[in-house]
Amino acid sequence: MKKVAVTGANGYIASLIQKTNQNNFLFLPITRKTLSLDDPEKVRDYFRKLDFDIVLHTAANATTADCEEHPELTHIINVQSVMAIADVCKERNKRMIFFSTEQCFNGQTKEGPFTEEDELISVTNYGKQKAEADRYIQTHLGDYVTLRLSWMMGLAQPGVKPSPNIIKNAMHAVVNEVPTLFTVNEVRGMTYARRLADQFAAITELPSGVYHFSSVNERNTYESAKLVARKMGISEERIAKFILPNTERYKDRFRDYRLDNGKITAAGIKLGTFEEDLEACLKDYGWM
């Protein structure tokens with residue numbers, strides 16, 4: 001059984017992967033209490049002493065405000081410590097699976113969806129930092145899988161706490177009767193995280209390279225939120241009252257973060273549409 005060292009082990013996707021695949025891999029969870037990523041040399045030493053076959057690196061400071069306010073510290077976490085782990089993987093000839101992000105393209109002015117060959121252009125420090133780590137892995141490692149993820153969605157279950165996502169946010173608005181703004185000037189992939197967890201074993205066996213992991217979505221975020229509510233059976237009157245259009249955000253330039261999933265689907269990984277993923281998630285959790 002392969003030993004998979006998992007950074008950010010308490011995070012949403014990492015938790016879901018471990019729970020779903022606990023009989024297929026020996027997971028070595030690494031959390032903030034285990035190892036701080038603010039000291040790259042300690043990170044390097046830790047991994048040099050660790051017995052592993054694969055590193056699944058999901059840990060990052062993904063808070064946009066933190067990255068803008070504390071660029072030096074977040075650069076250490078999001079870039080320098082990633083480099084340290086990658087260097088150890090190279091030294092020991094071990095595979096690294098790195099979670100990158102659609103935000104590497106948030107500065108693109110052309111229309112998506114973007115392929116793995118499109119230039120990484122970001123206007124945020126978080127996007128720039130993830131892109132820098134992304135490029136380093138490509139140029140320094142021979143055995144790696146980089147997954148550039150879309151916005152991942154899902155709901156809570158024992159031992160798995162989801163990050164904010166379109167389903168959770170729309171549910172909060174209509175169930176708790178909280179009028180909530182959703183962005184009009186933005187379109188992005190939205191993917192049920194279970195697709196990744198269920199296919200993790202196959203992902204570990206992908207040929208080395210960069211892959212875009214995203215279901216297809218043509219709706220803006222506001223329209224996507226309304227679809228969530230409709231699939232739940234919420235009335236149009238209630239939807240209009242609690243799911244509101246935010247026309248101010250990104251009105252200077254429409255954001256298109258969509259990722260082309262052609263490469264990874266050609267390699268045998270199954271992805272669908274946002275609507276299919278939404279229905280699957282709501283059915284799984286008894287909301288549909």
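No value in this document is a laboratory result; all are computed from the given coordinates. What you see is a predicted model; the values in this text were computed from it and never measured. Every residue, glycine among them, receives a Cβ derived from its backbone with ideal geometry; neighbour counts consider all protein chains shown.
Listing for the model above:
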{"item": "Residue that is surrounded by the fewest Cβ atoms within 10 Å (Cβ to Cβ) [pool: residues in region 55-70 that are touching a helix residue (DSSP H, G or I) at 6+ places or on another chain (Cβ under 9 Å) and among the aliphatic types (A, V, I, L, M)]", "result": "ALA62"}
{"item": "Scope region 155-187; condition over 20 Å from GLU218 (Cα atoms), among the charged types (D, E, K, R) and either under 16 Å from the mean Cα position of the chain (by Cα) or surrounded by 19 or more Cβ atoms within 10 Å (Cβ to Cβ) (or both); matching residues", "result": "LYS161"}
{"item": "Residue within region 79-92 that is among the polar types (S, T, N, Q) and touching a residue at least 12 places away in the same chain (Cβ under 8 Å) present", "result": "yes"}
{"item": "Qualifying residue in region 121-137 (condition: assigned to a loop (DSSP other than H, G, I, E, B) and not hydroxyl-bearing (Ser, Thr, Tyr))", "result": "yes"}
{"item": "Criterion violated by GLU72 - all others in (1) closer than 26 Å to LYS128 by Cα; (2) touching a strand residue (DSSP E or B) at 6+ places or on another chain (Cβ under 6 Å); (3) not aliphatic (A, V, I, L, M) satisfied", "result": "(2)"}
{"item": "Residue among LEU37, LEU73, LEU28 that alone is touching a helix residue (DSSP H, G or I) at 6+ places or on another chain (Cβ under 7 Å) and either free of Cβ contacts under 8 Å to residues at least 60 places away in the same chain or exposed (fewer than 15 other Cβ atoms within 10 Å of the Cβ) (or both)", "result": "LEU37"}
{"item": "Residue match in region 150-167 (condition: free of Cβ contacts under 8 Å to residues at least 60 places away in the same chain and closer than 17 Å to THR7 by Cβ)", "result": "no"}
{"item": "Those helices (runs of 4 or more DSSP H) lying entirely in region 191-288 with at least 1 residues among the polar types (S, T, N, Q)", "result": "200-204, 221-231, 262-266"}
